[in-house]
Structure formats: C-alpha cells, structure tokens
Amino acid sequence: MDSKAILQEWLDSRGWDDELIVSDDGTEVSLRTGIELDENSWNLFVDANNQSCLVGFFLYSSFKVKTAKRAEACLLVNEINDRMRLGRFVVRDNGQIQYRQQVDFEAAEPTSRSIELMAVPAFSFCETYNSTLAAVALTKQTAADAIAEFDAVQAEKAAAAASEDAEDDESDGAADDAPRMM
C-alpha cells in the first residue's frame, strides 16, 4: 500500500494543499488539518501505515466537555454510536470529543476513493451531531433531552421532505391524466 500517494491523491481531489507528514522510515503517513463542520472547527487527523495497512480517520471537536458533564456526554455518545454503522464518537480523558474510524486494507488495493468513502460519513456524522454534542458538553441539557430534541428536528425535516415529494407528485400527476397512445 502506497499511503503517501493515496493520501496525496485524496488531498488533490478535494483541492486541499495540506502537507503530508511522512515518518523517517516511510512506513507511516499522516495528515493534520482543520475543517469546518456545522459552523464549528474540527481537527482532522488521517494516519496510514504501509506495513499494517491500517488507515485511521480521526476528528476532534474544538470544544471540550465540562468535567461535571462527562458522564452525561458519555450517555449521549453511547446513544449516538448505537445509531451509527461506521465509526464512533469517544469522550476523551481531556473532555474533547473524538470521532474515530479505522479500516484495515490488508489484501486490498485502496485508492483515494477509499479514503473519500471514509471521509464522507465522518464529516456527515460530525456535522449532524455537532450541535447535539455541544449542547450536552457545554450547557445544562441532558443526554435524554438532547436526543429527544434531535429526534424531533429530524422528524420535522422528514415531514417537510415528504410534503415536498407529495407536492412534486401532484404537479406531475396532471400529465399522467392525459390520454396516451397505445
């Protein structure tokens, strides 16, 4: 696995000009950069190892969970992780929230597309849950209340989307009533 070439191609495909960090022996390649998700800064680390064929994708929140809220934040993270299929959130010892995902590419030929397929859900999850995580980390909101609020917002979005789809179907329906040639 040529981690440097794969990560560089991925960076280029995104139009990013960040520098890759290569270990002295060339076996490990890393990326350290910042990214804006849901109007919040996250630190992005991508670590790849040519020998183990592991690629790790890590995002760190710019906010930290208050010490008194760590248990509540862990409850929230457990609930969120139960809903996700890829990766997971972790409350670090220092209070920072981390998203992490690792893939073993042994016996595979990863490409920059493979890295993008790790990036898309990682960015999406952090963007989707950012406000909920911050609410529990930084305010008096409980995990249960944050999840209830998140679910209510998601239900509203789903209802709005269904309503738009129904309107589109109705406007298309007029053409369906026209006589057809057989």
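Which listed residue (PRO121, VAL136, ILE147) has the Cα farthest towards the positive end of the charge dipole for the range 3-171, taking +1 on Lys and Arg C-beta and -1 on Asp and Glu C-beta about the Cα centre?
Checked the options; the winner is VAL136.
Shape of the range 8-86 from its Cα gyration tensor (a ≥ b ≥ c, root eigenvalues): rounded if a/c is under 1.5, otherwise prolate when a/b > b/c, or oblate? Present the calculation step by step, with values, prior to reporting the outcome.
Values: a/c = 2.24, a/b = 1.78, b/c = 1.26.
Verdict is prolate for the range 8-86.
Quick one: putting +1 on the C-beta of Lys and Arg, -1 on the C-beta of Asp and Glu, what dipole do you get for the chain around its Cα centre, in Debye to the nearest 20? Walk me through the numbers on the way to the answer.
Values: 16 positive and 35 negative charges, 240 e Å.
I would put it at about 1160 debye.
For the range 1-82, with only Lys/Arg (+1) and Asp/Glu (-1) charged at the beta-carbon, what is the dipole magnitude about the Cα centre, in debye rounded to 20?
Numbers: 7 positive and 16 negative charges, 100 e Å.
The dipole magnitude comes to about 480 debye.
Quick check: the angle from helix 112-138's long axis to the longest principal axis of the chain, C-alpha only, nearest 10 degrees?
80 degrees
Cα-based count: Lys pairs in the chain below 26 Å, eight or more positions apart or different chains? Write out the running numbers ahead of the final one.
Values: LYS64/LYS140; LYS66/LYS140; LYS69/LYS140; LYS140/LYS157.
The result is 4.
Using only alpha carbon pairs under 8 Å that are at least six residues apart, calculate the relative contact order of the chain and give it in whole percent.
Numbers: 247 pairs, mean separation 34.8, N = 182.
So the answer I get is 19 percent.
What angle, in degrees between 0 and 90 and rounded to the nearest 10, separates the Cα long axis of helix 70-83 from the longest principal axis of the Cα atoms of the chain?
Long axis of 70-83 versus the principal axis of the chain: about 60 degrees.
Using the Cα gyration tensor of the chain, with a ≥ b ≥ c the square roots of its eigenvalues, what is the shape: rounded (a/c below 1.5), prolate (a/b larger than b/c) or oblate (neither)?
Taking the square roots of the gyration eigenvalues as a ≥ b ≥ c, the chain is oblate.
What shape does the range 105-144 have by the C-alpha gyration tensor, where a ≥ b ≥ c are the square roots of the eigenvalues, rounded means a/c under 1.5, and otherwise prolate means a/b greater than b/c and oblate the rest?
Working: a/c = 5.74, a/b = 3.52, b/c = 1.63.
Prolate shape, in that a/c is at least 1.5 and a/b is the bigger ratio.
Laboratory data are not the source of any read-out in this text; all were calculated from the coordinates shown. All of these numbers come straight from a predicted model, not from anything done at the bench. Heads up, the Cβs are rebuilt from the backbone with ideal geometry, glycines too, and the neighbour counts pull from every protein chain shown.
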